[in-house]
1. Which of the residues that make up segment B:46-68 are open to solvent by 40 Å² or more (accessible area, probe 1.4 Å) and away from DNA strand C (no atom under 12 Å from the Cβ)?
2. Among the residues in segment A:25-33, are any surrounded by fewer than 14 Cβ atoms within 10 Å (Cβ to Cβ), at pLDDT 90 or above, in a helix (DSSP H, G or I) and more than 12 Å from the chain's Cα centre (by Cα)?
3. What's the total number of residues in segment A:119-138 that are at the interface with another protein chain (Cβ under 7 Å from one of its Cβ atoms), part of a loop (DSSP other than H, G, I, E, B) and open to solvent by 40 Å² or more (accessible area, probe 1.4 Å)?
4. Criterion first (outside the structural domain of B:Glu27 (by TED's automatic domain parsing), touching a strand residue (DSSP E or B) at 6+ places or on another chain (Cβ under 7 Å) and without any contact (Cβ under 8 Å) to a residue 24 or more places away in the chain) does B:Val111 satisfy it?
5. Would a scan of segment A:88-103 turn up a residue that is within 7 Å of another protein chain (Cβ to nearest Cβ) and within 12 Å of DNA strand C (Cβ to nearest atom)?
6. Identify all residues within segment A:71-87 that are more than 16 Å from DNA strand C (Cβ to nearest atom) and assigned to a loop (DSSP other than H, G, I, E, B); write none if there are none.
7. Checking the condition within 14 Å of chain A (Cβ to nearest Cβ), surrounded by fewer than 18 Cβ atoms within 10 Å (Cβ to Cβ) and either outside any helix (DSSP H, G or I) or small (Gly, Ala, Ser) (or both), which residue from B:Pro113, B:Pro18 passes?
2 protein chains.
Amino acid sequence: MLNNSQYIEKLRSSGLRPTKQRIKICEVLFNTHKTFHFTINELVKRISKSTNDKISLATVYNTVHAFKNKGYLKEIPINSDQSYFDTNTSHHHHFYDETQKDLIDIDDADVEPVKINTRIPGKKIKSVEVLVKVEDDKS
Amino acid sequence: MLNNSQYIEKLRSSGLRPTKQRIKICEVLFNTHKTFHFTINELVKRISKSTNDKISLATVYNTVHAFKNKGYLKEIPINSDQSYFDTNTSHHHHFYDETQKDLIDIDDADVEPVKINTRIPGKKIKSVEVLVKVEDDKS
DNA sequence: TTCTACATTATAATAGTTCTAAACTGTTGA
DNA sequence: TCAACAGTTTAGAACTATTATAATGTAGAA
C-alpha cells in the first residue's frame, strides 16, 4: 500500500513526470495488496469507478506502456483480441482458462525451472514464459 | 508432400467441404517438406504468388480458423499486433527474437519437460507452451 | 510568477479481424 | 444427369484495439 508521495517517487525514479493523471493510474494499479491482471479496457473501467475526473484513453495507453517499459508492469503473451497486463512483475507463469477466458497466476515455486538446452548465437535470453492452457474437465 | 486427393481427404475427414479455394490454401500450407510460421497477411501473399485466382481475405480467415479448430494449425501465443500460426502441430516451443520480430522453433528435445506442481480443480491441461524471448546480446 | 518542455486530451487514423448479404457451387436425392 | 438446397465465397462494410495528431494545459525550474 503506497501513498501519494511514494507514487510520485516511483514515477520520478523511472523518469516520468508525476502528473495528476499518472498518480491516479498508480493508485488504481498499485494501491492494493493483491496483484492483478487487466486489459486496458478493464483498467479504464476501474479508473472511472474510482474518480470523477476523466482520464483519456490515450493517456492510459501511454502510461501503461511507459510502466511496462520501466518494468512496473508485465505484458502476458496470450492470443487474444486485446493485450493482458500483470501488476505482478515477479517471475511467475500463468494458467489460461479457455472456458472462462480467465488468467490465473502459477506461483513460481509450482513450476520446475524450465531448462532450454539450445541457444541462438548472438542472442541472450530475456524471459522464459510458460502458458498453461486449461479447459473444463468433462471426463 | 500431399497431392490434391489427399488434401480432399484431409478436408473431408475434418468435416470441411473440399472447395477449390480450400484446396489451394491446403497446397500453400501443407505442400512443403518444412513447416513454417505465418501471419494471415503473409499467408495471403503466399497464396496470391502461387495462383492467379483471387481468394478473399474472409475465406482465408475462415479456413485458417477451421484448420486451427481441427488441430491442423496451431496458434502461437505471443503479444503482437497480429496472430501467428504454425503448421508444425507437434509438441514444441518457440524463441521469439524481439530484435528481428522473428519466431524460431525450439525442438521439443531441447526443452526439459515442464513440470507444473499445481492444478485447478475441475480443469484439465490442454497445452503447456513455453515462449523464450531473446534479444541481441550486446555484452 | 513566468516560461518552456512535456503531458493530456479529443478526435482522427490505422490495422487486424469479423460480419453481412448476395451470388455461387458442391452435394444429395430423384 | 439434373434440380434444389445447404453450405461457401466474395467484396466491402463494420468493428475494435491501438496509435498518431495537433491544439490546449500544466509541472517544474529559474
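1. The answer is B:Arg46, B:Ser48, B:Lys49, B:Ser50, B:Asn52, B:Lys54.
2. no
3. To start, the set of residues in segment A:119-138 that are at the interface with another protein chain (Cβ under 7 Å from one of its Cβ atoms) comprises A:120, A:122-137.
Those left that are additionally part of a loop (DSSP other than H, G, I, E, B): A:120, A:122, A:137.
If we keep only those that are open to solvent by 40 Å² or more (accessible area, probe 1.4 Å) too, we end up with A:122, A:137.
Counting residues in segment A:119-138 that are at the interface with another protein chain (Cβ under 7 Å from one of its Cβ atoms), part of a loop (DSSP other than H, G, I, E, B) and open to solvent by 40 Å² or more (accessible area, probe 1.4 Å) gives 2.
4. Values: outside the structural domain of B:Glu27 (by TED's automatic domain parsing): yes; touching a strand residue (DSSP E or B) at 6+ places or on another chain (Cβ under 7 Å): yes; without any contact (Cβ under 8 Å) to a residue 24 or more places away in the chain: yes.
When the stated conditions are applied, B:Val111 passes them.
5. Step one: list which residues in segment A:88-103 are within 7 Å of another protein chain (Cβ to nearest Cβ), which gives A:95, A:97-98.
From what's left, within 12 Å of DNA strand C (Cβ to nearest atom): none.
Looking for residues that are within 7 Å of another protein chain (Cβ to nearest Cβ) and within 12 Å of DNA strand C (Cβ to nearest atom), one finds none in segment A:88-103, hence no.
6. If the condition is that a residue be more than 16 Å from DNA strand C (Cβ to nearest atom) and assigned to a loop (DSSP other than H, G, I, E, B), then A:Gly71, A:Thr87 are the ones that fit.
7. On the way: B:Pro18 fails: within 14 Å of chain A (Cβ to nearest Cβ).
Just one listed residue meets the conditions, B:Pro113.
Residue-wise test of (1) in contact with an Asp or Glu (Cβ under 7 Å, 6 or more places away or on another chain); (2) within 22 Å of B:Val128 (Cβ to Cβ).
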| position | (1), (2) |
| --- | --- |
| A:Pro18 | no, no |
| A:His33 | no, no |
| A:Phe38 | no, no |
| A:Asp53 | no, no |
| A:Thr59 | no, no |
| A:Ala66 | no, no |
| A:Thr87 | no, no |
| A:His91 | yes, yes |
| A:Asp107 | no, yes |
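The values are calculated or read from the model by the stated rules, or taken from the named source; none is laboratory data. In this text, all values refer to a predicted model and were calculated from it rather than measured experimentally. Every residue, glycine among them, receives a Cβ derived from its backbone with ideal geometry; neighbour counts consider all protein chains shown. Quick note on the areas: whole protein, heavy atoms, side chains included, nothing else; ligands and nucleic acids left out. Shrake-Rupley method; radii C 1.70, N 1.55, O 1.52, S 1.80 Å.
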